[in-house]
Amino acid sequence: MAAYIGRRLILTVIVLLGMTIITFVLSHVVPGNPARLLAGPHASQVQVEAFAHRYGLDRPLLTQYWTYITGLVHGDLGVSLTTRRPVLDDFRQFVPATLELVLAAMFLIVLIGIPLGMLSGVKAGGFLDHVTRFLTVGAVSMPVFWLGMILQLVFFRRLSLLPIGGRLEIFDQPPPHLTGLFLVDSLVSGDLRAFGAAIVHLFLPAITLAAGSLAVTARMTRASMRETLGTDYVRMARAKGLSEGIVLTRHALRNALIPTITVLGLQVGALFGGTVLTEVVFNWPGIGLYAVNAIQNLDYSAIMGVTLLVSVAYVFVNLAVDIAYVFLDPRITFAGRVDA
């Protein structure tokens with residue numbers, strides 16, 4: 001296992017290096033002058049040039065990239081042109097909110113998507129299967145921003161049941177900062193009022209973010225369950241007189257989860273990408289909203305930092321998925337073969 005993980009980590013470094021090159025070039029070829037944005041519309045040309053020199057924007061592109069990479073090796077992600085703070089400090093402020101939103105969405109995906117897909121596969125052609133198919137196709141088809149606004153219209157404007165956005169109300173006191181995750185911090189500090197407020201504010205953004213991935217997970221689980229239920233070992237388990245619950249959970253679902261786990265790993269990237277629109281719609285103070293502000297201001301260091309963060313999360317989640325294969329199916333080895 002150690003050798004396999006070591007090889008994957010080496011490949012991860014190569015992938016991330018290539019990603020930094022592509023992102024750096026693309027962000028710098030976009031028309032616009034960040035120094036002008038920093039100095040303001042009424043600044044003189046001398047002031048604009050002073051800002052460009054201060055932040056190294058007047059240097060050749062290769063020199064800027066080399067400066068960024070050497071700083072990255074030492075744990076320096078650069079200084080945000082928007083907040084005028086180190087990008088790493090900005091991450092400490094904004095990443096916990098996004099992480100809480102992504103974890104809540106993933107919780108809904110696993111809690112609802114997998115059981116729904118399993119039951120739909122077992123009862124293929126039935127009423128539940130048809131309802132699930134209709135809902136999943138609709139969830140995949142709806143844009144994230146449109147779904148978010150519809151939920152706001154229904155639950156905030158019409159029913160007045162849930163807040164329109166934010167992590168807490170304006171005058172609510174956040175729980176003591178321990179992890180930055182309001183749900184965790186409020187429980188640890190025993191602040192049940194803040195815990196309830198955090199859940200209420202998290203509900204609509206989490207549903208909006210999870211909808212598309214939940215649909216994909218449910219459809220994949222259904223298809224995998226249908227295939228698994230027709231295998232010889234499932235028929236043998238039933239012939240041995242095992243209860244239907246044991247057959248479905250221990251024999252069918254466990255093997256059906258292998259392609260589903262792959263889909264879940266891929267959905268991590270979709271969730272991080274979806275946080276951009278979700279956080280804008282719900283004014284969620286996370287890394288997605290931070291990225292939008294960075295793009296609007298051509299904040300190169302912030303853009304690079306967000307891209308790097310999402311890439312690292314995506315790569316390591318997929319590494320965890322590959323490791324999970326071995327525990328789900330003992331025939332799979334780290335050498336890349338399936339033992340008969």
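Before moving on, here are some points about what is shown:
- Of the residues G121, G148, the single one that is under 30 Å from L229 (Cα atoms) and surrounded by 15 or more Cβ atoms within 10 Å (Cβ to Cβ) is G121.
- Residue in the range 273-281 that is out of contact with any Pro (no Cβ under 6 Å at 6 or more places or on another chain), among the charged types (D, E, K, R), assigned to a helix (DSSP H, G or I) and modelled with pLDDT under 80 present: no
- Considering the conditions (1) at pLDDT 85 or above; (2) farther than 25 Å from F171 by Cβ; (3) open to solvent by 20 Å² or more (accessible area, probe 1.4 Å), T231 is excluded by exactly one of them, (1).
- Any hit, the range 269-278, residues being over 26 Å from L168 (Cβ atoms), of a type in the set (S, T, Y) and either open to solvent by 20 Å² or more (accessible area, probe 1.4 Å) or under 12 Å from the mean Cα position of the chain (by Cα) (or both): no
- Taken as a whole, the condition of being without any contact (Cβ under 8 Å) to a residue 24 or more places away in the chain, under 25 Å from the mean Cα position of the chain (by Cα) and open to solvent by 90 Å² or more (accessible area, probe 1.4 Å) applies to V13.
- Failed criterion for D322 (all others in (1) in a helix (DSSP H, G or I); (2) modelled with pLDDT of 85 or more hold): (2)
- Verdict on F171 being aromatic (F, W, Y) and modelled with pLDDT of 90 or more: no
- Number of residues in the range 173-194 that are touching a Ser or Thr at 6+ places or on another chain (Cβ under 7 Å), crowded, with 18+ Cβ neighbours inside 10 Å and over 18 Å from F91 (Cβ atoms): the value is 2.
- Matching entry among A35, A50 (being open to solvent by less than 20 Å² (accessible area, probe 1.4 Å), small (G, A, S), out of contact with any Lys or Arg (no Cβ under 6 Å at 6 or more places or on another chain) and not in a loop (DSSP other than H, G, I, E, B)): A35
- On inspection, F182 does not qualify as of a type in the set (A, V, I, L, M, F, W, C) and farther than 18 Å from G286 by Cβ.
The values are calculated or read from the model by the stated rules, or taken from the named source; none is laboratory data. Quick caveat: nothing in here was measured; it's all calculated off a predicted structure. Here the Cβ is made from the backbone with ideal geometry for all residues, glycine too, and neighbour counts use every protein chain on show. The protein model used for the area step is the full one, side chains on, heavy atoms only, and it has no ligands, DNA or RNA in it. Shrake-Rupley method; radii C 1.70, N 1.55, O 1.52, S 1.80 Å.
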